Amino acid sequence: MSSDDPLAAALAAAGLGDVRPGESRPPEPRIEVVDAAPEEPADPRELWPTGIATGVGSLPGTDIREAAALVVGETPELPALPELPERGVGADMIGRTAGLLVDLAVEVVPTGWRVTARPGRDLRRARDLMAGDLDAFDDACDRARPAWVKIQVAGPWTLAAAVELASGHRVLTDRGAVREFAASLAEGLRGHVAEIAARTGASVVVQLDEPGLPAVIAGSLPTASGYGTVRAVRAPDAQDVLRDLISSVDAPVVVHCCADRPPIRLLAGAGATAVGIDATRPAFAGASAEPAALDAIGETWDAGTPLLLGLVPSTAPRREPEIGELARAGFELADRLGFDRHRLARLAVPTPACGLAGATPDWARRALELSRDLGRAFADPDE
């Protein structure tokens, strides 16, 4: 073909100048360099030391300095910022959490906490109480210098179920409002975590308390009229809101649910660093243990997610349990699920079964002591 032939020019441009019409050329061999080294997984978030214990949060009484000294003294590796609900409005779980919200205000009405246009005395009281709590906790930590501390707030679903809109309906009934509250809480938490880390010099663990989540998912919460129930939230939707909040907080996040059948898989799947449960509930303990509940614990442990394992009674029992009896409950759970007992110190942080606000001061102290001793027992199962 002549040099001015358009076909020849096109073939030459394609590197096929010596191919005759009707012929084909096999493709040139290609050599790709592949990195044989597998991609390294991301480093897991640093966790607290093994063999430790902590509290769930609430304590009896009204003296915050006494409470701060108690938690730092009895659980020095991971003291929990005390909550003293006996002090009244603003010291309760919802009020304390509401005080952290950014650009959202609430007030107390006869039916509970309700959204309002601007901050009032109830919100100011909640914030003043929190400021005093942080001062007392900072002073107590200054003497012990813990490497880790834990704080507690209501999770987004429990908060949305407990706070009312101006209409009197739960925030839960308005999914846009739920996300607005979750975003506001996330922003407030970031500042709260940064302040506590700066004041104590410790790494901060955030505990989201979600005792209301099972009812939210089940659709069993009553409406404002009391004649119906609030529409159930789909489990994937509940998980998405939790996941967004957890991922936006620059700290390990524990989600705690002391209900009878906590949605462990949902909480772990939302990206929680750990899941907190009341392990004395019938679904988990003894002959009444349910296979589905035990399977959920086993799957969570298989994934490497530890549990804050509530094993110590939260109110004084008729007979005080021996430390060996409490430890046996943890070891038997590990045995039943096929986990080596020596792994329990990493997979479980012992705690009271739930908050200690309803306990006597003496039992609150003893419950934290037993939790600490239980952590040491988990770290040395042979002993």
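Residues considered: D260, D244, D240. Of these, the only one that is in a loop (DSSP other than H, G, I, E, B) and not aromatic (F, W, Y) is D260.
Scanning the stretch 183-211 for residues that are out of contact with any strand residue (DSSP E or B) (no Cβ under 8 Å at 6 or more places or on another chain) and crowded, with 21+ Cβ neighbours inside 10 Å yields a total of 0.
Scanning the stretch 43-81 for residues that are assigned to a helix (DSSP H, G or I) and not β-branched (V, I, T) returns R65, E66, A67, A68, A69, L70, G73, E74. In the stretch 95-117, the count of residues that are acidic (D, E), touching a helix residue (DSSP H, G or I) at 6+ places or on another chain (Cβ under 9 Å) and free of Cβ contacts under 8 Å to residues at least 12 places away in the same chain is zero.
Of all residues in the stretch 191-215, which are of a type in the set (S, T, N, Q) and closer than 22 Å to G355 by Cα? Don't jump to the end; show me each part of the working.
Taking the stretch 191-215 first, the residues of a type in the set (S, T, N, Q) are 200, 203, 207.
The answer is Q207, and nothing else.
Report, by residue number, each residue of the stretch 67-84 that is among the acidic types (D, E) and buried (at least 24 other Cβ atoms within 10 Å of the Cβ).
Once the filter is applied, which keeps residues that are among the acidic types (D, E) and buried (at least 24 other Cβ atoms within 10 Å of the Cβ), the stretch 67-84 yields only E83.
Among the residues making up the stretch 82-94, those that are over 21 Å from E187 (Cβ atoms), assigned to a loop (DSSP other than H, G, I, E, B) and touching a residue at least 24 places away in the same chain (Cβ under 8 Å) are P82, L84, V89, A91. Taken across the stretch 118-125, residues that are at pLDDT below 95, under 19 Å from L172 (Cα atoms) and surrounded by fewer than 21 Cβ atoms within 10 Å (Cβ to Cβ) do not occur at all. Every test in (1) in contact (Cβ under 8 Å) with a residue 60 or more places away in the chain; (2) farther than 26 Å from P350 by Cβ; (3) not acidic (D, E) is passed by I217 save one, and that test is (1). Y227 passes every criterion in (1) under 14 Å from the mean Cα position of the chain (by Cα); (2) aromatic (F, W, Y); (3) at pLDDT below 95 apart from (1). Of the residues A283, A272, the single one that is small (G, A, S) and more than 24 Å from E180 (Cα to Cα) is A283. Selection of helices (runs of 4 or more DSSP H) fully inside the stretch 267-351 by the criterion of at least 3 residues being hydrophobic (A, V, I, L, M, F, W, C) and under 25 Å from A80 (Cα atoms) returns 323-337, 344-347. When the criteria are applied in full, L159 meets the requirement of being closer than 19 Å to A183 by Cβ and of a type outside the set (S, T, N, Q).
When the stretch 139-151 is limited to residues that are more than 19 Å from the chain's Cα centre (by Cα) and buried (at least 18 other Cβ atoms within 10 Å of the Cβ), the one that is farthest from V206 (Cα to Cα) turns out to be A140. Applying the condition of being among the polar types (S, T, N, Q) and not in a strand (DSSP E or B) to the stretch 202-232 and asking which residue is nearest to P82 (Cα to Cα) yields S220. For the stretch 352-375, a residue qualifies if it is among the polar types (S, T, N, Q) and either free of Cβ contacts under 8 Å to residues at least 60 places away in the same chain or more than 19 Å from K150 (Cα to Cα) (or both), and exactly one does: T360.
Just checking, does the stretch 275-287 include any residue being under 22 Å from A238 (Cα atoms) and either of a type in the set (K, R) or in contact with a Lys or Arg (Cβ under 7 Å, 6 or more places away or on another chain) (or both)? No, every residue in the stretch 275-287 fails to be under 22 Å from A238 (Cα atoms) and either of a type in the set (K, R) or in contact with a Lys or Arg (Cβ under 7 Å, 6 or more places away or on another chain) (or both). From the list P262, P306, P236, which one is in contact with a helix residue (DSSP H, G or I) (Cβ under 6 Å, 6 or more places away or on another chain) and either at pLDDT 95 or above or surrounded by 23 or more Cβ atoms within 10 Å (Cβ to Cβ) (or both)? P306 is the lone residue from the list that is in contact with a helix residue (DSSP H, G or I) (Cβ under 6 Å, 6 or more places away or on another chain) and either at pLDDT 95 or above or surrounded by 23 or more Cβ atoms within 10 Å (Cβ to Cβ) (or both). So, L370, is that one out of contact with any Leu (no Cβ under 6 Å at 6 or more places or on another chain), surrounded by 16 or more Cβ atoms within 10 Å (Cβ to Cβ) and closer than 19 Å to C257 by Cβ or not? No: the conditions fail for L370.
The values are calculated or read from the model by the stated rules, or taken from the named source; none is laboratory data. Here the structure is a predicted model, which is why all the values come from computation and not from measurement. Because the Cβ atoms are built from the backbone with ideal geometry, glycine has one as well, and the counts that use them run over all protein chains shown.
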